[in-house]
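Below you'll find the structure, written out as structure tokens, and then a few comments.
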Amino acid sequence: MYVFPSAHTQFQPCYFIYQKHPLNVTQCQHSHNLRNTPKVPRELALDHPMFDEMPVSDKDTFTWNSIIQAHLASGDLDLVISTYRQMLLRGTVRPDRRTLPRVLTASRLRGDIFIGKQLHGHAFKLGFSSDHYVVSALIQMYGSLDSVDTARWLFDKSPHRNSVSWTVLARLYIMENKPGLAIDMFNQMVESGAEIDSVALATAVGACGMLQSLQQGRKLHQIATNCGLEFNMLVSNALLKMYIDCGSLKAAREIFDQMPSKDVISWTAIINGCVKKGGFNDGLKLFRQMIMDGFKPDPLTLSSILPACARMTAHKHGREIHGYLLRNGIDLNLVVQNAVMDMYVKSGFIEYASRIFRGMKCKDVVSWTVMILGYSLHGQGQHGVHLFRMIETNSSTQTDEVTYAAVLHACRTACMVEQGKFYFSCIKASKAENSSLMVALLARAGLFDEARIFIEEHKLERHVEVLRALLDGLRNHQQPVPGKRVIEQLCELEPLNADNYVLLSNWYANSARWDMVEKLRQTIRDMGLKPKKAYSWIEFRNKVHVFGTGDVSHPRSERIFSELQSLVKKMEGEGYQPNPDFSFHDVEEERECIQIGHSEMLAVSFGLISTQPGTTIRVSKNLRVCRNCHNSAKMISKIVGREIILKDLNCFHHFREGFCSCGDFW
């Protein structure tokens with residue numbers, strides 16, 4: 001602890017106490033701007049001969065303020081305090097209204113309210129307690145280190161207020177997650193007649209976005225227009241983000257298109273808004289336009305656009321963006337690497353994702369979680385569990401609840417019951433989705449009695465996710481009677497979900513109970529419910545081809561069905577028998593359609609006739625693949641000697657040489 005002379009109008013022997021290590025704040029590195037050697041102690045930094053040799057006339061307040069500002073800009077917070085101490089010790093000049101705000105900023109950044117309060121005393125002694133700059137710095141210091149209530153008290157006591165002090169207090173409310181009070185502050189500022197600047201307006205607009213208050217946001221938009229600030233870059237970007245946060249992408253796009261000039265923040269905001277709203281193609285078009293206009297995407301832009309490529313049909317775009325990053329030497333920080341890896345996982349390229357993961361010098365919990373879940377989704381649950389064990393034994397990474405959920409998913413995929421039980425016990429606040437994973441694991445292993453006991457003990461009888469997980473296991477192990485009971489429970493819990501009635505209808509159809517099938521159909525019609533339609537799609541030459549069940553609308557339909565019929569004959573020649581069991585399938589139209597007419601088979605056939613031999617076929621489906629199509633895809637992969645990757649509602653199926661990565665459990 002050091003004792004410093006206090007700033008006093010007559011420089012009387014009052015003292016300024018300086019604690020060198022407040023709140024255990026990490027010490028900043030020394031600045032080399034004013035010293036030839038780093039061995040000079042901080043408190044003596046201004047005793048260097050270079051400063052002493054300066055002419056007396058140059059050692060005025062401006063010079064001291066410049067030195068303080070240089071230390072502040074370089075992060076040498078201790079040197080800011082030391083310089084201020086030397087300024088008081090020498091006594092040749094007095095601090096002015098620009099000195100104190102800078103030193104107050106240093107005390108705030110150091111987390112040292114002790115110094116901050118002494119500087120507040122200096123402001124009184126030097127006659128700056130009502131100065132706009134000093135008051136604003138004090139408000140920010142007290143708000144950050146004491147409380148926003150203290151900052152508000154100081155603000156209310158201040159006889160003079162300007163837009164800076166109003167805005168500082170509003171920002172403090174936002175930091176306290178009180179956006180409503182921030183908007184109130186802005187409204188009071190407008191009523192007071194204070195000048196409205198771009199920073200104040202942008203701060204209030206940001207608070208509206210936090211509240212998702214579109215009505216209040218439009219009022220502020222009108223104020224911006226009236227003040228001529230609508231197309232100020234800071235305000236425009238704030239309005240753009242506000243409209244996106246409030247769910248009005250149309251209004252955001254109008255702002256974006258009208259902006260006379262844009263920056264990377266503008267482009268990133270609109271791209272992120274499009275992607276989050278599902279406008280993947282719009283997001284990709286904007287990203288290309290951004291590059292054509294000469295803007296270089298930053299890590300936030302890249303992490304915003306890559307999710308648009310995390311689909312089977314968009315994998316080419318993802319690879320193009322990854323190539324752009326590598327060609328242009330863009331910094332692949334951890335966030336971007338995680339986004340690229342996640343994109344490859346979700347677009348069906350688990351090998352590429354694994355390669356990136358292995359090449360990462362630094363990994364965080366997101367990196368590990370993405371890869372663990374990725375392996376599980378692609379039927380490699382054991383690899384996912386192995387990665388988690390590596391975290392436990394070799395990594396300093398702190399796992400979280402999401403990571404435990406990912407490894408539990410991997411245990412389910414690999415049917416590792418004991419390991420799954422252990423990891424489930426490690427989850428502190430278990431959610432319904434974690435419990436459903438545990439039930440799915442037990443049901444997949446055929447431990448139905450244990451699964452029912454688990455459901456009863458955790459009181460999960462009325463959770464539909466848990467019941468569906470149990471039903472999946474009953475379907476895989478062909479348990480029709482208990483399966484029917486679960487379906488009836490689902491109908492009771494979700495009486496307005498048409499899929500549940502379709503499940504029950506298919507169950508009765510499998511038992512030739514056509515009277516019940518017709519009764520359930522009538523129920524669906526009477527209730528005005530709409531069962532889901534099955535669709536599959538495949539990308540070819542930058543165009544996405546979509547197929548429905550029994551679809552004959554495609555220009556190459558004749559060739560597609562001919563190829564399928566040819567494949568069916570080859571499968572029958574190898575002893576293949578179709579599986580007519582649709583008792584646990586939730587799409588009625590697929591039960592009634594000829595099995596080679598299912599949407600995924602049409603997409604596979606189109607891929608086979610459109611691509612070169614040996615090319616991997618990549619198909620996506622909006623619902624679960626039926627058992628017959630699953631078995632057919634295995635046989636086709638063997639007959640044609642190609643890998644077929646089929647992504648359905650639950651996982652990626654990699655069909656190779658007559659086998660599937662899911663192990664026939666999905």
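Since every read-out is calculated from the coordinates, none of them should be taken as a lab result. Note that this is a predicted model, so its numbers are computed, not measured. Note: ideal-geometry Cβ built from the backbone for every residue, glycine included; neighbour counts use all protein chains shown.
Straight Cα distances below 14 angstrom link K421 to the aspartates and glutamates E450, with same-chain residues fewer than 8 positions distant left out.
Report, ordered by chain and residue number, the aspartates and glutamates lying within cross-link reach of K530, taken as a straight Cα distance under 16 Å and ignoring same-chain residues fewer than 8 apart. Within the straight-line limit of under 16 Å, K530 reaches these aspartates and glutamates: E494, D499, E518, D586, E588, E589, E590. Residue pairs exceeding 22 angstrom between C-alpha atoms, taken from K117/K157; K363/K647; K276/K361: K363/K647; K276/K361.
The length gained on full extension between N226 and K459, counted as 0.36 nm times the residue separation minus their Cα-Cα distance, comes to 78.0 nm. Within the shell defined by Cβ-Cβ distances under 15 Å, the residues around K178 carry a net charge of -1, with Lys and Arg each +1 and Asp and Glu each -1.
Electrostatic bookkeeping for H322 treats Lys and Arg as +1 and Asp and Glu as -1; over the other residues with beta carbon under 13 Å from its beta carbon, the sum is +2. Would you work out which of H409, F424, V439 lies farthest towards the positive end of the dipole of the chain? Charges go on Cβ: Lys and Arg +1, Asp and Glu -1. Farthest towards the positive end: H409. Amide H contacts of K647: V619, S620, K621, H653, each under 5 Å away and 5 or more positions distant or on a separate chain (H built 1.01 Å from N in the peptide plane; Pro and chain starts excluded). Computed over segment 118-249, relative contact order equals 18 percent, with contacts defined as Cα pairs under 8 Å that lie 6+ residues apart. Charged side chains reduced to their Cβ positions (Lys and Arg at +1, Asp and Glu at -1) give segment 377-526 a dipole of some 240 debye around its Cα centre. Please report the net charge: other residues with Cβ closer than 15 Å to the Cβ of D526, K and R +1, D and E -1. Summing Lys and Arg as +1 and Asp and Glu as -1 gives +3.
Note that segment 652-666 has calculated 3J(HN,Hα) couplings of 9, 9, 9, 8, 9, 6, x, 10, 10, 5, 6, x, 6, 10, 7 Hz, one per residue in order, obtained from phi through the Karplus relation 6.51 cos²θ - 1.76 cosθ + 1.60 (θ = phi - 60°); glycine and proline are x. Mind checking which of V336, Y508, T397 is farthest towards the positive end of the chain's charge dipole, using Cβ charges of +1 (Lys, Arg) and -1 (Asp, Glu) about the Cα centre? So the residue furthest toward the plus end is V336.
Step through the table entries K484/K519; K219/K262; K250/K285, compare each Cα-Cα distance with 18 Å, and write down the pairs that go over it. Check vs 18 Å cut-off fails for K219/K262.
Going by neighbour counts of Cβ atoms within 10 Å, the residues L229, L496 line up, fewest first, as L496, L229. Spin-label pair T150-R327: with each label point 7 Å from Cα along the Cα-Cβ axis, the two points sit 5.6 nm from one another.
Taking other C-beta atoms within 10 angstrom as a stand-in for reagent exposure, I68, I453, I113 fall in the order I453, I113, I68, fewest first. The charge dipole of the chain, taken about its Cα centre with unit charges on the Cβ atoms of Lys, Arg (+1), Asp and Glu (-1) only, comes to about 800 debye. Residues K219, K361 in ascending order of nearby Cβ atoms (within 10 Å, fewest first): K361, K219.
Straight-line reach from K638: taking Cα to Cα under 18 Å and skipping same-chain neighbours fewer than 8 places apart, the lysines in range are K569, K570.
Relative contact order, whole percent, for the chain stands at 6, derived from Cα pairs under 8 Å and 6 or more residues apart. Calculated from the structure at hand, percent of Cα pairs over 37 Å apart is found among (1) 37; (2) 68; (3) 57 as (3). Based on DSSP H assignment, which helices of the chain show an axial Cα extent of at least 15 Å together with a mean Kyte-Doolittle hydropathy greater than or equal to 1.6? Correct list, ordered by number: 198-211, 365-377.
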